[in-house]
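Since the structure comes first, as structure tokens, the remarks are kept for the end.
The values are calculated or read from the model by the stated rules, or taken from the named source; none is laboratory data. As the structure is a prediction and not an experimental result, all values here were calculated from the model. Here the Cβ positions follow ideal geometry from the backbone for every residue, glycine too, while neighbour counts run over all protein chains shown.
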Amino acid sequence: MGLSAKNVSLTLGGAQVLDGVSVEVRAGEVLAICGPNGAGKSTLLSVLAGLIRADFGAVLLDGLALDELTHEQRARLLGYLPQDGEIAWDLAVENLAALGRLPHRDRDMAAVTRALAKTDMTQFAKRPVSTLSGGEKARALLARVLATQPRWLLADEPLAALDLAHRLTILALLRSEAAAGAGVAIVVHDLAQAMNHADQVAVLSNGKLAALGSPEAALTPALIAQVWGVSAQWLGEPGARALVTRR
């Protein structure tokens, strides 16, 4: 069972942003959602999270329509990290992370402590979020999501504001969450990260699904040329591949 979009279509502002897209986030796996700017990646993630309702198609969670679940049930099961997370109050980092416990109506500080440790934020626990760098804020927001202990983790460009070391830390964390049984979906622009760290890759182009499958099957040089308009070549061994591109 999993979290799936079935033949989802959506029009926003008179433009079709998703057109018959079907994907599945499977328990124990990482799905990377890739595509050029404006391809519909973030919108698809929002639809999977239940934040935007599609015009056509359905979103199913373990075979049940997502709309049939209460907001509280969805908040417990689905952890969503937006691309540009806003922090309304200047909380201490540990209090921000503790907001992830609201769907459970408790303050399980053990879960909060684990979330801070996983995101390498323990040393910032008492710091106001206003004193953090962009990358540190991104990790604090991820800690809030992890504190919920969701079964499905949906993250929109979680690597964008991070330095190289913390990108690897977060990628390893997402893989460990999947290994523990969670289903993980991330929007990612770096195709090498998708190739090396995802189990499945969905490629969107102009709101349509251009490819879906293993990284090797979905991110072929021919597909990259078709969707991104660049010549591409993969170098290196599986799990440590680099992408060379040129116009």
**Residue that is modelled with the highest pLDDT, among those in the stretch 161-180 that are surrounded by fewer than 19 Cβ atoms within 10 Å (Cβ to Cβ) and not small (G, A, S)** = R175
**Request:** Could you please let me know if A161 is farther than 22 Å from D62 by Cα and either without any contact (Cβ under 8 Å) to a residue 12 or more places away in the chain or assigned to a loop (DSSP other than H, G, I, E, B) (or both)?
**Result:** yes
**Restricting the stretch 81-100 to residues that are in contact with a helix residue (DSSP H, G or I) (Cβ under 7 Å, 6 or more places away or on another chain) and not in a loop (DSSP other than H, G, I, E, B), the residue that is nearest to V184 (Cα to Cα)** = L81
**Request:** Report whether or not V8 is surrounded by 24 or more Cβ atoms within 10 Å (Cβ to Cβ), touching a Ser or Thr at 6+ places or on another chain (Cβ under 9 Å) and not hydroxyl-bearing (S, T, Y).
**Result:** yes
**Extreme residue, surrounded by the fewest Cβ atoms within 10 Å (Cβ to Cβ), among residues of the stretch 115-137 that are within 20 Å of the chain's Cα centre (by Cα) and part of a helix (DSSP H, G or I)** = G134
**Message:** Pull out all pairs, ordered by first then second residue, where Cβ-Cβ is under 9 Å, the residues are six or more apart or on different chains, the first lies in the stretch 38-64 and is more than 16 Å from G13 (Cα to Cα) and in contact (Cβ under 8 Å) with a residue 60 or more places away in the chain, and the second is among the basic types (K, R) and not in a loop (DSSP other than H, G, I, E, B).
**Reply:** A49/R74; L61/R74
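Quick grid of which residues meet (1) modelled with pLDDT of 95 or more; (2) of a type in the set (G, A, S):
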| residue | (1), (2) |
| --- | --- |
| G2 | no, yes |
| A5 | yes, yes |
| T11 | yes, no |
| V23 | yes, no |
| A27 | yes, yes |
| L31 | yes, no |
| C34 | yes, no |
| A39 | yes, yes |
| L45 | yes, no |
**Fill in**
Per the filter on the stretch 18-42, residues crowded, with 20+ Cβ neighbours inside 10 Å and either under 13 Å from L209 (Cβ atoms) or of a type in the set (K, R) (or both) are L18, V21, V23, L31, I33, C34, G35, A39, G40, K41
